[in-house]
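What follows is calculated from the coordinates using simple rules that are stated; it is not laboratory data. What you are looking at is a predicted structure, and each value in this text was computed from that prediction instead of being measured. Methodologically, a virtual Cβ is constructed for each residue, glycine included, from the backbone with ideal geometry; neighbour enumeration extends over all protein chains shown.
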Amino acid sequence: MNDPDHTIPPEDHTGLEPPSLLHGFDDDSFMRAAFKEALVAYEEGEVPVGAVVVREGRIVGRGHNLRETLNDPTAHAEMLAMTAAAEEKASWRLEDCTLYVTLEPCPMCAGAIVNSRMKRVVYGASDPKAGACGTLYNLVQDSRLNHRAELQSGVLSDEAGELLKSFFRECRDGTIKRRGAK
């Protein structure tokens, strides 16, 4: 991508590996932190999606799905993690942050990613029903919008996908009661 908003200056990056690796962190490590958030959602009977926002090698926002708990259609993991990061940073502009999320963001979350000016998005499992970061749409890289984020998909996708499948299987079997289900 030749977008100047996404160019990493040579003094900050060798061009050979993502900046997170230069500081001893990698995508798998941060995705595992997001996966832990997804496990919390699972235990609470929420759809198990988790997210973390990372800035300068440090997690500055965490979230997991709370739609049923809060009776809030916007309480997706990504939204909650971005809100926490914005509060931590004292700015809605997250242009120096990376979002790690276990499931591909939906159109609402992708819109928030664009509006927050998120630098990078890393997700695990693709979402064939609502994915807006490459599967059904690619809102975070749409050249018609005012911002585009770098995108990495498939990080720990097998684990994230299996957690979702397990949750819905257990809901169907009656092993767990999905919060908010009638």
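State the number of lysine pairs found in the chain whose Cα atoms come within less than 18 Å, restricting to pairs 8 or more positions apart or on distinct chains.
For the chain, qualifying lysine pairs total 4.
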Within the chain, excluding any GluC sites (Glu not before Pro) found in a DSSP loop (not H, G, I, E or B) and having at most 16 other Cβ atoms within 10 Å, the longest uninterrupted segment runs 96-182
Once D158 and S29 are pulled to full extension, the length gained, defined as 0.36 nm per residue separation minus their Cα-Cα distance, is 44.9 nm
Rounded to one decimal in nm, the spacing of the 7 Å Cα→Cβ label points at R144 and A130 is 2.3 nm
Residue span L39 to S91: 0.36 nm per residue of separation minus Cα-Cα distance leaves a gain in nm of 15.9 nm
Here the relative contact order (percent) of the chain, from C-alpha pairs under 8 Å and at least 6 apart, is 18 percent
